[in-house]
Amino acid sequence: MPTFDLRTISLFDGLICALMGMVLLGMRRSLPASVGGLALWGVAPLLALVSTVFYGLEGSAAPVVVLLGGNGMLLACATVMMAGTQRFYGETVRWRPWSAVGLASLGGTLIFFQAWPDYRWRLLIFTLGMSVICGAHTWLLWRRGSGFAARLAFAAMLSQTAILLLRAASTFWIDQATTRRFDTVSTLHTVYLASYGFVMILVLVAAQLMAAERVRAEFEHMATHDGLTGLLNRNRLLQLGDAELSRWRRYAQPFAILLIDIDHFKRINDTLGHLAGDRALVRCARTLSQSLRACDRLARFGGEEFMALLPATDAPAALALAERLRAMLERLPAEPDGPACTASVGVTVVRATDTSLTGLIARADAALYQAKAAGRNRVVQAD
């Protein structure tokens with residue numbers, strides 16, 4: 001059976017991980033600040049490389065330095081990698097509990113290095129400490145992750161945790177008390193070192209993909225949503241409206257459109273300033289969104305005007321909802337940094353003669369004009 005130089009395998013894995021960490025650190029400079037965790041993801045593999053350097057000093061440096069330095073850097077790598085994922089998902093990073101796990105692991109290995117020297121116990125304690133951190137990281141990805149990249153990261157971390165636990169369970173079977181780290185004691189030990197390094201590389205690949213997916217999702221969101229209110233933008237709602245019209249032609253399922261215009265909005269901008277106007281728009285958008293059904297779609301249609309697309313809604317239901325929205329805006333009290341607002345609403349429901357969404361919007365706009373001409377703060381249904 002061929003033998004492998006475990007030092008070379010370990011160093012090769014460490015160098016590849018470090019290179020990928022530098023790529024992540026470089027990506028951090030070019031990606032939006034909203035993509036968190038990249039700095040920690042980039043530092044983690046550099047710590048893995050430092051651990052490889054410590055392990056490579058075995059035989060030429062004090063054994064306790066090799067033990068604590070190598071194991072400590074690997075524990076730090078696992079902790080920092082998990083912290084990067086927490087930052088990526090916007091969670092608070094709690095360093096103390098995981099630092100305690102690392103210190104407890106190092107303390108246990110030190111006891112079985114100096115007081116009762118036994119490689120098997122050292123390996124058992126270290127791999128269990130690593131598996132606790134990696135297991136928590138796996139659970140985090142399972143709980144928060146979505147999409148291909150997160151599933152890849154979850155599968156990689158699950159594999160890493162399983163590899164650690166398998167190595168911990170096998171130590172009293174394949175090792176001796178006097179075994180050294182890079183002894184080729186069994187094929188299983190060789191596979192353990194090689195697979196652990198490979199899975200670490202896979203985790204870093206998944207981290208890069210997660211960052212890329214986040215950026216793509218943010219760009220897609222920017223292309224379909226209004227930057228101020230967070231609502232859908234005009235183009236996206238028109239696309240959804242065309243799809244709803246096609247559904248109406250196929251299944252005769254009615255739908256309605258509401259055009260909602262904030263009354264005297266120019267006066268707000270002129271007297272209180274555009275920032276106050278922006279705050280009023282955001283407040284109205286939030287109130288309207290909270291009052292709609294999950295299937296309804298709301299967009300900022302332009303300026304101070306909003307448009308709501310209401311699937312599976314007939315005329316009486318559309319009028320009732322429009323009146324409820326108007327009343328909710330009317331009941332909003334004034335705030336120190338913004339005035340109270342009212343709105344006028346134009347309502348229309350799809351008709352058999354409609355051939356395009358433009359006709360529905362024109363009817364709703366005409367009804368909105370009538371509401372404003374009649375004194376504002378009211379709902380008018382299109383004739």
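The values are calculated or read from the model by the stated rules, or taken from the named source; none is laboratory data. As the structure is a computational prediction, the values presented were derived from the model and not from experiment. In this analysis, Cβ positions are derived from the backbone assuming ideal geometry, glycine residues included, and neighbour counts consider all displayed protein chains.
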Taking region 369-383 and the residues there that are within 19 Å of Ala317 (Cβ to Cβ) and of a type in the set (A, V, I, L, M, F, W, C), the one that is surrounded by the fewest Cβ atoms within 10 Å (Cβ to Cβ) would be Ala382
Among the charged types (D, E, K, R), at pLDDT 95 or above and more than 24 Å from Ile268 (Cβ to Cβ), is that true of Arg351? no
What residue, of Ala44, Ala62, Ala78, is over 24 Å from Ser146 (Cβ atoms), aliphatic (A, V, I, L, M) and either buried (at least 22 other Cβ atoms within 10 Å of the Cβ) or without any contact (Cβ under 8 Å) to a residue 12 or more places away in the chain (or both)? Ala62
Which one of the conditions (1) closer than 16 Å to Ala364 by Cα; (2) without any contact (Cβ under 8 Å) to a residue 60 or more places away in the chain does Ala243 fail to meet, given that it meets all the rest? (1)
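Residue-by-condition table, conditions (1) modelled with pLDDT under 90; (2) surrounded by fewer than 16 Cβ atoms within 10 Å (Cβ to Cβ):
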| position | (1), (2) |
| --- | --- |
| Arg167 | yes, no |
| Thr171 | yes, no |
| Thr184 | yes, yes |
| Ala194 | yes, no |
| Met200 | yes, no |
| Ala206 | no, no |
| Met210 | no, no |
| Arg214 | yes, no |
